[in-house]
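Participant: So that we are looking at the same thing, I have put the structure below in structure tokens.
The values are calculated or read from the model by the stated rules, or taken from the named source; none is laboratory data. Predicted model only: the values in this text are computed from it and were never measured. All Cβ positions, even for glycine, are placed from backbone atoms using ideal geometry, and neighbour counts span all protein chains on display.
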Amino acid sequence: MTTTEPAVSAVGDWTPEQLEEYGRLLLTRLREHFETLRSQPVTTDRPAKEIRELFDEPLPEQPQDFTEILDRTWDEVRPHLTLWNHPRFHAYFANSSSGPAILAEAATAALNVNVMLWDAAPAAAAVESTVLRWLCEMLAYPGDGDAVLVDGASLATLYALAAARERLGGFDVRRTGMAGGPTLRVYASDQTHSSLDKAAITLGIGLDHVVRIPTGREGALDPVELAARVRQDLRAGHRPLAVVANVGTTSTGGIDPVPAIAEICDRHALWLHVDAAYGGFWRLADRIRPHLPDLSLADSLVANPHKVLLCPMEASALLTRHRDALTNTFRLVPEYLTTRHEDGSVDFMNYSLQLGRQFRALKLWWLIKSFGVRGIAGRLDAAAGLAGRLRAAAGNTPHWQITNPRTPFPLVCLRYAPEGLSPQETDDLNRRIHHRVNAGRRSYVSHTVVDAGYVIRVSIGNIHTLAEDVDALWAELTAAAAEEGKSL
Ligand SMILES: Cc1ncc(COP(=O)(O)O)c(C=O)c1O
């Protein structure tokens, strides 16, 4: 080092003491955040342009004090978020970031290991393997096949279909691509998540070859229709590849008849991928488990800890009971990634497209250990009970309909339908009720459109949600219905 070089402390990272000091500041903020969260707005009322303007700032040339950055985050970022970890957030699929997992995220960043190769992060790969085995146990899914944590269910489904295609045989997609290969067909209900379409686009299957089977009122795939469509495609010379079945559809929490679908898949050597991104881990709840099909029938399964398992984004489990199904699809090892192999080592880079991988398993390891599977099950059961409370309130109130009465999941689709309105007028009314509730910023819900029309979707799944939050939401819904009803 020459004397003209600055001292390391002048250009380097915070000192460990600073890290602790600032960490405490952050933890104090988080403590206040959680202590007051229930009384804070769930979302912002600022227009998008104003929020953009708040952060439309030049590239910082000079260092800023962390306390100022933290203040600004609290004063300007946090108030203009939609707070998913709020007890009154009921939109999309309400999820949770729990204490142990929050701290694990910080530890993960501090350790900053890359779980691509065994040698790159030995214990992290071992923890991931164990966590995946635990997740298989929770889902009653065979734990001796391939499994990997990925960022979300969309990519999990993409990877599952790639594995299905790899196993299909008859053409070498790795070498020759899709050119000259058969026309592959994938089947799913019209309620299946749009990630399937994205997977079909990406894999070169094509949207025209995703065969959407219409569903009835319960939002479940009709296996008779499925079998007919497969036979028709075989006659036309197509190559049926896979069926994607749902355990918990996005709109209404519908469940496809997995055993009947599995039989059809067996008959025609089709790969069965089950999208249990939402529904899978609800299996832990005593009230829900009896209503769920046997997930072990699936050739591959996706279930999202980040939707249900009290775990922050991003964590999704892709499981297949076929050993080597993922590694045969994704293993490709250039010289610079060649390492020694040792009995028991696992190279997670071979299980998906991702090379550099975060130590995602740590947050799951911490939270599963901290709560125990019984503790998690109790919390999920409590959420299911709260949904029952809302269903009872709506069921006992004139003009309110529950349009998905059969779902076992804590997802309640509500429609306010006073007599004398046309379906279009009822749709408009429900849209206005939905927007009025969200504009109040005390609770937050989303919507979907089903056979009955526009419905307000209430998902209960945040670890902090209590009966008082559900009662508050119900009061807001009925007040909004009364207000909007006045103008009819
Ligand atoms: C049933 C279902 N499958 C897949 C997805 C996609 O999940 P992700 O956001 O993890 O990619 C969703 C998202 O809500 C979903 O509801």
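Participant: Residues in segment 35-81 that are of a type in the set (A, V, I, L, M, F, W, C), part of a helix (DSSP H, G or I) and free of Cβ contacts under 8 Å to residues at least 40 places away in the same chain: how many? Even if it seems obvious, please write down each step before you answer.
Facilitator: Quick first cut of segment 35-81, residues of a type in the set (A, V, I, L, M, F, W, C) only: 37, 42, 48, 51, 54-55, 59, 66, 69-70, 74, 77, 81.
With the extra rule that they be part of a helix (DSSP H, G or I), the set shrinks to 37, 48, 51, 54, 66, 69-70, 74, 77.
Checking which are free of Cβ contacts under 8 Å to residues at least 40 places away in the same chain leaves us with 48, 51, 54, 69, 77.
Residues meeting the conditions: 5.
Participant: Residues that are part of a loop (DSSP other than H, G, I, E, B) and either touching a Leu at 6+ places or on another chain (Cβ under 8 Å) or not assigned by TED's automatic domain parsing to the domain that holds Ser296 (or both): does segment 315-325 have at least one?
Facilitator: Yes.
Participant: Continuing with the same structure: Applying the selection to segment 28-63, what residues are more than 15 Å from Arg78 (Cα to Cα) and aliphatic (A, V, I, L, M)?
Facilitator: Leu59
Participant: Is it fair to say Arg217 is in contact (Cβ under 8 Å) with a residue 12 or more places away in the chain and either charged (D, E, K, R) or more than 28 Å from Phe371 (Cβ to Cβ) (or both)?
Facilitator: Yes; evaluated as a whole, the condition is true for this residue.
Participant: Ok, one more. If I go through segment 403-446 residue by residue, how many of them are closer than 29 Å to Leu37 by Cβ and either in contact (Cβ under 8 Å) with a residue 60 or more places away in the chain or of a type outside the set (A, V, I, L, M, F, W, C) (or both)?
Facilitator: 24
Participant: Considering segment 232-264 alone, what residues qualify as being in a strand (DSSP E or B) and surrounded by fewer than 18 Cβ atoms within 10 Å (Cβ to Cβ)?
Facilitator: Matches in segment 232-264: Arg239 only.
Participant: For segment 148-184, give me each residue that is buried (at least 24 other Cβ atoms within 10 Å of the Cβ) and among the charged types (D, E, K, R).
Facilitator: Across segment 148-184, the qualifying residue is only Arg165.
Participant: Tell me, please, whether a residue that is over 30 Å from Ala361 (Cβ atoms), away from the ligand (no atom under 16 Å from the Cβ), exposed (fewer than 13 other Cβ atoms within 10 Å of the Cβ) and basic (Lys, Arg) can be found in segment 52-75.
Facilitator: yes
Participant: Any residue in segment 316-335 that's in contact (Cβ under 8 Å) with a residue 24 or more places away in the chain: show its pairings with residues that are of a type in the set (Ser, Thr, Tyr) and within 16 Å of the ligand (Cβ to nearest atom) at Cβ separation under 6 Å, as long as the two are six or more apart or on different chains.
Facilitator: The qualifying pairs are Leu318/Tyr159; Thr320/Ser300; Phe330/Ser352.
Participant: What are the residues in segment 336-363 that are in a helix (DSSP H, G or I), within 21 Å of Thr157 (Cα to Cα) and in contact (Cβ under 8 Å) with a residue 40 or more places away in the chain, if any? Even if it seems obvious, please write down each step before you answer.
Facilitator: From segment 336-363, those in a helix (DSSP H, G or I) are 336-337, 348-351, 361-363; that's our starting set.
Keeping just the survivors that are within 21 Å of Thr157 (Cα to Cα) gives 348-351, 361.
Within segment 336-363, Phe348, Met349, Tyr351, Ala361 qualify.
Participant: Right, something else. Of the residues Phe359, Phe371, only one is among the aromatic types (Phe, Trp, Tyr), under 18 Å from Arg283 (Cα atoms) and under 21 Å from the mean Cα position of the chain (by Cα); which?
Facilitator: Phe371
Participant: Just need a number here: residues in segment 265-312 that are assigned to a helix (DSSP H, G or I) and either away from the ligand (no atom under 16 Å from the Cβ) or not aliphatic (A, V, I, L, M) (or both).
Facilitator: Number satisfying all stated conditions: 17.
Participant: Just checking, does segment 332-341 include any residue being among the β-branched types (Val, Ile, Thr), touching a Gly at 6+ places or on another chain (Cβ under 6 Å) and either within 15 Å of the ligand (Cβ to nearest atom) or modelled with pLDDT of 95 or more (or both)?
Facilitator: Checked segment 332-341: no residue is among the β-branched types (Val, Ile, Thr), touching a Gly at 6+ places or on another chain (Cβ under 6 Å) and either within 15 Å of the ligand (Cβ to nearest atom) or modelled with pLDDT of 95 or more (or both).
Participant: Specify which of the listed residues (Ala452, Ala472, Ala467, Ala482) is among the hydrophobic types (A, V, I, L, M, F, W, C) and over 27 Å from the mean Cα position of the chain (by Cα).
Facilitator: Details: Ala452 fails: over 27 Å from the mean Cα position of the chain (by Cα); Ala472 fails: over 27 Å from the mean Cα position of the chain (by Cα); Ala467 fails: over 27 Å from the mean Cα position of the chain (by Cα).
Within the list Ala452, Ala472, Ala467, Ala482, the selection yields Ala482.
Participant: Return yes or no: is Gly237 out of contact with any His (no Cβ under 6 Å at 6 or more places or on another chain), away from the ligand (no atom under 16 Å from the Cβ) and not hydrophobic (A, V, I, L, M, F, W, C)?
Facilitator: Spelling it out, Gly237 is indeed out of contact with any His (no Cβ under 6 Å at 6 or more places or on another chain), away from the ligand (no atom under 16 Å from the Cβ) and not hydrophobic (A, V, I, L, M, F, W, C).
Participant: Residues that are under 30 Å from Trp474 (Cα atoms) and within 16 Å of the ligand (Cβ to nearest atom): which helices (runs of 4 or more DSSP H) entirely in segment 86-170 hold 3 or more of them?
Facilitator: Correct list: empty, since no element meets the threshold.
Participant: In segment 432-450, what residues are out of contact with any His (no Cβ under 7 Å at 6 or more places or on another chain) and in a helix (DSSP H, G or I)?
Facilitator: Arg432, Ile433, His435, Arg436, Val437, Asn438, Ala439, Gly440 - these are the residues of segment 432-450 that are out of contact with any His (no Cβ under 7 Å at 6 or more places or on another chain) and in a helix (DSSP H, G or I).
Participant: Scan segment 153-206 residue by residue and report those that are among the β-branched types (Val, Ile, Thr) and touching a strand residue (DSSP E or B) at 6+ places or on another chain (Cβ under 8 Å).
Facilitator: Thr157, Thr183, Val186, Thr192, Ile205
Participant: Can you find, within segment 191-222, the residue that is farthest from the ligand (Cβ to nearest atom) among those that are closer than 25 Å to Pro293 by Cα and of a type in the set (Asp, Glu)?
Facilitator: Within segment 191-222, the match that is farthest from the ligand (Cβ to nearest atom) is Asp222.
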